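Input: a single structure, listed below in structure tokens.
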Amino acid sequence: MIPRLAWLLSLVGTLIVVPTWAPGLSGDATQGKGKPKAALRVNPTLIFVPQRIVATAELTDGADDFQDYYCPRIEWIWDDTTTSESSEDCEPYEAGKSTIRRRYTADHTYKDPGNYDVVFRMKQGSKIVLSLRQTVRAQGQ
């Protein structure tokens, strides 16, 4: 009786064995390439006014030199008629050498009850390259 592998080979003719570490074939092999994932956390999301919240935007995975996210202007929109902005002086972008910042944090104090959409925006010039949103529910005392 012919072993199963030999029988299979007789049908297909050739057996190709590809190692799991071959580029492009394993999930780990492509990790670190392309656009990073982004998330916005606001803590706490349910408050009693007046209270301070802390918002954190974090980039994970993706390329460390992702050009759209290199040296951006940051805008926090607090949805209570106030905004916060920041930017950095950076060296010109160099592929494979420039490194993106992966964490942005800001705080804000809400003084009036209501539902507020905290918006994090990352900009290159006037172009918005990333926008994240999280709702804060502020209650009166």
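Please treat every number below as a calculation from the coordinates, not as lab data. This structure is a prediction, so every number in the text was calculated from the model and none was measured. Cβ placement follows ideal geometry from the backbone for every residue including glycine, while neighbour counts extend to all protein chains displayed.
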Show which lysines lie in cross-link reach of residue 127 when reach means a straight Cα distance below 17 angstrom and same-chain residues fewer than eight apart are skipped. 35
Nitroxide proxy distance, nm - points 7 Å out along Cα→Cβ at residue 86 and residue 48: 3.0 nm
Remind me, relative contact order of region 32-139 in percent, using alpha carbon pairs under 8 angstrom and six or more residues apart? 34 percent
Give the shape of region 44-85 as rounded, prolate or oblate, defined through the alpha-carbon gyration tensor: a ≥ b ≥ c are the square roots of its eigenvalues, a/c under 1.5 means rounded, and otherwise the shape is prolate if a/b is larger than b/c and oblate if not. oblate
Derived scalar couplings ³J(HN,Hα) [region 99-116; Karplus, 6.51 cos²θ - 1.76 cosθ + 1.60; whole Hz; x for Gly, Pro]: 10, 7, 7, 10, 9, 10, 10, 8, 10, 7, 10, 8, 10, 10, x, x, 9, 10
What translational D, rounded to a whole number of µm²/s, comes out for region 32-139 from Stokes-Einstein when the hydrodynamic radius is the Kirkwood one over Cα pairs, at 25 °C and 0.890 mPa s? 167 µm²/s
Per-residue Cβ neighbour rank within 10 angstrom, fewest leading, 75, 91, 85, 58: 91, 85, 58, 75
